[in-house]
1. Considering the range B:558-573 alone, what residues qualify as being open to solvent by 30 Å² or more (accessible area, probe 1.4 Å) and away from chain A (no Cβ under 13 Å)?
2. Would you mention how many residues in the range B:207-217 are under 18 Å from B:VAL166 (Cα atoms) and crowded, with 16+ Cβ neighbours inside 10 Å?
3. Does B:ASN199 fit the bill of being crowded, with 21+ Cβ neighbours inside 10 Å and polar (S, T, N, Q)?
4. So B:PRO392 ticks every box in (1) more than 14 Å from every other protein chain (Cβ to nearest Cβ); (2) open to solvent by less than 10 Å² (accessible area, probe 1.4 Å) but one. Which box is left unticked?
5. Name the residues in the range A:65-94 that are more than 23 Å from A:GLY125 (Cα to Cα) and either touching a Gly at 6+ places or on another chain (Cβ under 8 Å) or buried (at least 22 other Cβ atoms within 10 Å of the Cβ) (or both), would you?
6. Residues being in contact with a strand residue (DSSP E or B) (Cβ under 9 Å, 6 or more places away or on another chain), open to solvent by 50 Å² or more (accessible area, probe 1.4 Å) and not in a strand (DSSP E or B): count how many of those fall in the range B:583-599.
7. Does the range B:336-356 include one or more residues that are away from every other protein chain (no Cβ under 14 Å), assigned to a strand (DSSP E or B), surrounded by 15 or more Cβ atoms within 10 Å (Cβ to Cβ) and touching a His at 6+ places or on another chain (Cβ under 6 Å)?
8. Sort out which residues of the range B:201-220 are touching a Gly at 6+ places or on another chain (Cβ under 9 Å) and either at pLDDT below 90 or on the phi > 0 side of the Ramachandran plot (or both), and write them in order of number.
Amino acid sequence: MKISNFLLSIFLLSVIFVSCTNDDDDVQEPKGAYENGILISGEGGPSGSIYYVSNDFSTTESLIYKKVNNNDLGVYLQSMAFDNENAYIVVDNQNTITVVNRYTFEKVGEITTDLKKPRYMAIAGDKGYVTNWAEGAYGADVDDDYIAVVDLNTFEVTKTISVGNGPERIVANNGKLYVSHKGAYTTNNIITVIDIASETTTEITVKDNPDELFFDNAGNLVVLCEGLTLSYNPDWTANEKTPVSITKISTVSNNIISELIFENGQFPSLLTFDGSYFYYNLGSKIYKVASDASTLPTTEFLDAAATNLYGIEVNDSYLFLLDASFTAQSKLDVYSSNTKEKINSFAAPIGASKVYFN
Amino acid sequence: MKLYNKVLFFGFFLSSLCVYSQKDTIVTLKVVNLQSVKLYKHSKGLKVLDLTDSIIAKNATSFTSLLRFNTPIYIKEYGAGGTSSASFRGTSASNTAVIWNGININSINNGQTEFNSLNISLFDNINVRSGGGSIEFGSGAVGGTIHLNNELGFGAYSKHQVISTVGSYQTFHNLYKYSFGSETTAIKLGAAYNTSKNNYKWLDYNLENENGAYQQRDFNFSIAQKINDFTKISFFSSKYNGVRHFSGQLPNPSAAKEKYKDFSFRNLVNFNYHKKTATHNLKLAYLTQEYRYFADKNKEDYNFGKSKRYLINYDFSYKISSNSSIESFSEFESVDGKTDQIATKNRAQFSQSLIYNQRYKNLASLNAKVRKDFNSEYNVPFVFALGIEIKPLRNTFVRTNGSKNYRVPSYNDLYWPALGNKNLIPESSLQGEIGVGYKNNQFKIDLGAFYIDAKDKIVWTPGGDPDRPGVWTPINIDKVVNKGLEISTTYSINFVKHYIDLNTNYSYTIAKDKKTNDFIPYVPKHLLNSSISYSFKRINFYYQHLFNGKVYTTKDIIDSYAMPSFNIGNFGGSYNLIKNLKKELQFGFKINNVFNKTYQVLPGRPMPNRNINFNINYKF
């Protein structure tokens, strides 16, 4: 008994010793438990939460922020943004951005002032730019929406840039910010271009309710305009919308280069881009279209058979589809983007809406 | 002293009712508005708790805490003072009906009652009945009913009462009551004004409950006039006006800026004619309710919902023999409801119920009830109930009750633009319970088991309609089975001027979706509350305890989303400086959360730590 204890302690010591020496030699030190995987964010029922799945799909972990920090993020977790070190978790109803180390998920700070209904954040240099819906849908307040400029060294909002109603997505490219105005509580039809250096803004008119933004390989801005519902069917499904389109805009001239217009009755709500192909949905069917295509496909790429398809993401080999539940865990289905086969399926947070690669 | 007399009188009155039903004629002339008596009479096989004014006084600052510490009800409260809803036996909040002087006052808009927008201090007596009651109380009386009663008494008296409470977080509750009785007239008048900043600390987080302030104004008036030995007319009116701010949530309570106002105005005229074996009762009621929701408290704009109800009810009861009686309730109701999203919709309903009461010696009694509703909007199921109580041995009883009950879709369920579903039908449920117990002057125990089989439950579901993916819409979907066990005990000891009272409620509840076998979220498996009170001469001390079991917030029962169980206790006491037949002056205190536990009822909403209030109760 005593001998075995002695042996055990020797063994443990050796492990520590060995691992210590290993650490000293290892230049490829892992940056944290959540490197080399995907992060799934969920808006929340009880609280927004984030799940982790490793790149080889072998390990999964739920509620990683809560696990590391023993705290909740609040409702509703809208989106995340990343710089080299940190992840910025945007929670709209709480007017809060929680900052964590993106690989360890340890909380490093939070921004709780000067945000009002924050939605999305883009990062350029050591600044973060956050779209804010500000006050509600009423009267003069419709136009009080703004971009909050966050100093990423101090995690403080240093100034705001006033923009039109309902700023949603924001992306940065070549010294400029592009903001899609989905319209918050109402509707809008503009893309705002902000010159970061001078903070001057330019508006580009597009179809109604622009949402997702991407840059294609030619450097053009691509936006999904989801259209404004004009009339409902007796069962309250959208019967008619203003035109729905995937619109391509030159970032040089700010002019619209091309538009893929959807037939009436086809109402996509999600769009993603893998570098060469766009993927979008009609109901829970996924369609694939080349970034330089001039027509929309007539047959689907695959049928996700989801109850509530709420998020899609794609990388070189996989298509990630989120089937969201707000009363239980959601589901992440992983499909091969080559064979269209379902590769795997994982539990995802409540109200799962986004997938990020870490 | 008077209070004690009143309790004694009431207890005596009830027992006399049970034993000699013919004696109730004498008493009904004495006290007007016998909602509570009627309730007991129609509750064969069901369990009724009586929250007397002394129990109410110990929790007078919050209806929510009154129910939480004294009844087997689970309360979802969005932070102390925030939105609060009650559920019996694992059913939903819209399956709890609140009854004001015999009239169901659940909101037309959402089918529920908000317990923090009801001021309890002006009610004389509150009954809580577990089990279905759609036959007497209509929609929503599924899990159980909560009865708020005003009472009037003839006699020869004139009494004033002032209660003033000052507590932590700048909480002030004040009320004034005046009651007057002559041989032919009885009047009661009450006014209450409550306000609190409610900015308690969230100790674990170094934050505070921002935007939690509230203000309530309440005014009650009731009058009864005896016209002759057989005829009485009475009038009850209540006006309430409340403003509350909805407090913030973790991690950033400063984000909160919502405000909520609500107004209610309730009026009831009652004509009662009682002669020999027949009683006629005619009720006319007019009730309005309105809420205004301000997404931003600093702005003028708001969303609203309001309703107007007209109700006429004719209740005829006939005593067939000294052991049996039959009653008929005919009711017509017209409701106009609207919100900023829904144009005015009228809903009219006629309902007819019959209740048969039978007693066999002192051994057994039963109620058999049926009701049919004719509604302008949807088919309401035919409902029925049978309750039996048997006293096989001295002091023991066996009770059983079976009933069918319903909950109609609310205006929001039906008409909310883009989301509502006009094809909804009422939820309905079949339920049964059985209990055994022992009762003597000092001790009472009741051990019961219940089973509720509900179908067509209305559930707001994302993508509930396959043609509307991603849209939250209400559908008649769930079949839910609730089952459980309940124990309640009361024990009073009295030795040489020392009085000890001990009350305990425990319930074990399992609620599951019948199709998927998933648990229903927000149903604590274990719920226990207990209170002990000790009085000696002019001194009284009491302690209240609640154990609220773990609550899952998701259907898939995941621990990481669960709310942990908690234990909390309150300690209070009072001293009567003056106590005689004419005057009574009492000083009291209460320490809420005496062990200073941090706990949350709902995610992200810490509840108050230890806090204290002082009160003065002056009767003259």
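1. B:SER565, B:ASN567, B:PHE571
2. Going through the range B:207-217 one residue at a time, the tally reaches 5.
3. Spelling it out, it is not the case that B:ASN199 is crowded, with 21+ Cβ neighbours inside 10 Å and polar (S, T, N, Q).
4. (2)
5. A:TYR65, A:ASP72, A:LEU73, A:GLY74, A:VAL75, A:TYR76, A:LEU77, A:ASP92, A:ASN93, A:GLN94
6. 4
7. No: zero hits.
8. Residue satisfying the conditions is B:ASN211 alone.
The values are calculated or read from the model by the stated rules, or taken from the named source; none is laboratory data. Bear in mind the structure is a predicted one, so any value in this text is a computation, not a measurement. Every residue, glycine among them, receives a Cβ derived from its backbone with ideal geometry; neighbour counts consider all protein chains shown. The accessibility values were calculated without ligands, DNA or RNA, using every heavy atom of the protein model including side chains. Shrake-Rupley method; radii C 1.70, N 1.55, O 1.52, S 1.80 Å.
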